[in-house]
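The values are calculated or read from the model by the stated rules, or taken from the named source; none is laboratory data. Only a predicted model underlies this, so the values are computations on that prediction, with no experimental measurement involved. Every residue, glycine among them, receives a Cβ derived from its backbone with ideal geometry; neighbour counts consider all protein chains shown. Ligands, DNA and RNA are excluded from the accessible area calculation, which covers all protein heavy atoms including side chains. Shrake-Rupley method; radii C 1.70, N 1.55, O 1.52, S 1.80 Å.
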Amino acid sequence: EIKVRYFDSSYLGEHRFTIEYFGYSAYVYYTVIEAFSGVCGNPLRWKFDVESRTLELFGGNRMYNYNMGANAPWYEFRDLIKTVKFSSPISVIGEDAFKDCDQIEAVYYRGSILSWRRITGDKEQFGDAKLYIQNKLHNLH
């Protein structure tokens, strides 16, 4: 049995590939058990860098809600996430998206202070983390 860590959650689950050797073919089955990136909105995406402990969100502006029993796709990394980086402006932060992410120390937002104030959703999820807008420190709440 092969278990694989992959970098895109769309590959989670069971897969197979074919090995051909001197005219013979064989299937190799494997299961992707952990992902470090994926989709978290329409069309918002995420990726987690283990080394820098940074969760980056990019490519869209509306995050899914995670308050109906489903955890955010990065939930398994909740104790590792130190930094959240919004690489593109966002309009909605999903409910419970950062539930139990108690280690977050800094939030980086690429948009303006005005667009940060217009974001709907629970920004209180970031607790006492420092907020950097355009790399300048601001008051999170």
Here are some conditions: (1) modelled with pLDDT of 95 or more; (2) touching a Phe, Trp or Tyr at 6+ places or on another chain (Cβ under 8 Å); (3) open to solvent by 70 Å² or more (accessible area, probe 1.4 Å). Glu105 meets all but one. Which one does it not meet? (2)
Reported set for segment 119-138 where residues are among the aliphatic types (A, V, I, L, M) and surrounded by 15 or more Cβ atoms within 10 Å (Cβ to Cβ) is Ile119, Ala129, Leu131, Ile133
What is the residue count in segment 37-49 for residues that are touching a helix residue (DSSP H, G or I) at 6+ places or on another chain (Cβ under 8 Å) and either part of a loop (DSSP other than H, G, I, E, B) or in contact (Cβ under 8 Å) with a residue 40 or more places away in the chain (or both)? 0
Taking the criterion of being within 15 Å of Asp102 (Cβ to Cβ), surrounded by 14 or more Cβ atoms within 10 Å (Cβ to Cβ) and of a type in the set (Phe, Trp, Tyr), would at least one residue in segment 55-68 satisfy it? no
Per the filter on segment 95-130, residues assigned to a helix (DSSP H, G or I) and more than 18 Å from Glu76 (Cα to Cα) are Ile113, Leu114, Ser115, Trp116, Arg117, Arg118, Lys123, Glu124
In segment 54-87, which residues are of a type in the set (Asp, Glu) and modelled with pLDDT of 90 or more? Glu56, Asp79
